[in-house]
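*Asks:* One structure is given below, represented as structure tokens, and several questions about it will come after.
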Amino acid sequence: MTRKSALIMVDMSNEQVAALPADQKRRIVDAIQKLSKVPGWTLKIDSRLWLFSDKESTLSRVYPEWGTTMGIPESQGADLIPELVDNTTCCQEQQQRVPWEFIEKKHYSSFVDSHLQARLQQEEITDVYLVGINTDYCIFNTAMDSFARVKLNTFVVEEGVGSIAGTKGHEEGLTWIRAHLGPQAVVPLQRVLATISSKCCS
């Protein structure tokens, strides 16, 4: 069976990334930029909170700002951070790269109340790689749904994720992911780059 891979970027919006420690932001952005340039992806998904009201999300029960002042569609805060907007101008490079597809996110998991699962199944995706924030909340929940609900081979790119809770929250999230998905579920950036690059050259 031909393996098809999707890169899913979670919650890299202006308002959420603003709370990240600066060193984590630099590391995550660098990893995503490198992964984005690899032409071996079948899909690249940009999944961000996009809430038309506070009734759309269970997050609002814990954090009342979601759907009222944060995650508002078309707002600057909910937009993708400028560093990750694809401004490719070279025609040949554009043809080789898979563009980011935006899918609205409503809850901790990118799969709940969204068409993410249907989109992955439409492209017959077998392997999912997760990047973004937060390791201990949305990355963990999205990874669990990808693994248990959709039954995909699910990997979290270690250098490509982080948490507004700092190193402690990030490390806790990685521990939970390894405990529930297996130690192989957390993978280093260089291994992912090599794996995906080989798909376009084989």
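*Asks:* When the residues of region 57-71 are narrowed to those that are in contact with a strand residue (DSSP E or B) (Cβ under 9 Å, 6 or more places away or on another chain) and not in a strand (DSSP E or B), which ends up nearest to Y108 (Cα to Cα)?
*Replies:* Taking region 57-71 and keeping what is in contact with a strand residue (DSSP E or B) (Cβ under 9 Å, 6 or more places away or on another chain), we get 57, 59-60, 63, 66-67, 70-71.
Narrowing further to those that are not in a strand (DSSP E or B): 57, 59-60, 63, 67, 71.
Numbers: S57: 9, L59: 7, S60: 11, Y63: 12, G67: 14, G71: 13 Å.
Top of the filtered list is L59.
*Asks:* Is it true that some residue in region 3-10 is over 21 Å from S114 (Cβ atoms), within 16 Å of the chain's Cα centre (by Cα) and not hydroxyl-bearing (S, T, Y)? Full working, then the answer.
*Replies:* First, the residues of region 3-10 that are over 21 Å from S114 (Cβ atoms): 3.
Keeping just the survivors that are within 16 Å of the chain's Cα centre (by Cα) gives none.
No: zero hits.
*Asks:* Of a type in the set (D, E) and either more than 26 Å from I177 (Cβ to Cβ) or in contact with a Lys or Arg (Cβ under 6 Å, 6 or more places away or on another chain) (or both): does that describe D113?
*Replies:* Yes: the conditions hold for D113.
*Asks:* I've got another one for you. Filter region 141-157 for residues that are without any contact (Cβ under 8 Å) to a residue 40 or more places away in the chain and within 23 Å of A18 (Cβ to Cβ); which is surrounded by the most Cβ atoms within 10 Å (Cβ to Cβ)?
*Replies:* Per the stated criteria, the residue is V156.
*Asks:* Additional query: Name the pairs whose Cβ atoms lie under 9 Å apart, with the first residue in region 179-202 and at positive phi and modelled with pLDDT of 95 or more, the second loosely packed, with under 13 Cβ neighbours inside 10 Å and not aliphatic (A, V, I, L, M), and 6 or more positions between them or separate chains?
*Replies:* Hits for this filter: zero, empty list.
*Asks:* Out of curiosity, is K4 crowded, with 16+ Cβ neighbours inside 10 Å and in contact with a Pro (Cβ under 8 Å, 6 or more places away or on another chain)? Walk me through it before giving the result.
*Replies:* Numbers: crowded, with 16+ Cβ neighbours inside 10 Å: yes; in contact with a Pro (Cβ under 8 Å, 6 or more places away or on another chain): no.
Taking the combined requirement at face value, the residue does not satisfy it.
*Asks:* Here's another thing I want to ask about it. Taking the residues in region 117-169 that are touching an Asp or Glu at 6+ places or on another chain (Cβ under 7 Å) and part of a helix (DSSP H, G or I) as candidates, determine which candidate is farthest from I32 (Cα to Cα).
*Replies:* My answer is G169.
*Asks:* Same structure, new question: Is one or more of the residues making up region 100-109 of a type in the set (D, E), touching a helix residue (DSSP H, G or I) at 6+ places or on another chain (Cβ under 8 Å), part of a helix (DSSP H, G or I) and within 27 Å of L51 (Cβ to Cβ)? Steps first, please.
*Replies:* First, pick out the residues of region 100-109 that are of a type in the set (D, E): 101, 104.
Pick out the ones that are also touching a helix residue (DSSP H, G or I) at 6+ places or on another chain (Cβ under 8 Å) and you get 101.
Right, trim to part of a helix (DSSP H, G or I) and you get none.
No, region 100-109 has no match at all.
The values are calculated or read from the model by the stated rules, or taken from the named source; none is laboratory data. The structure presented is a predicted model; accordingly, all values stated were derived computationally and were not measured. Glycine gets a Cβ as well: all are built from the backbone with ideal geometry, and neighbour counts include every protein chain shown.
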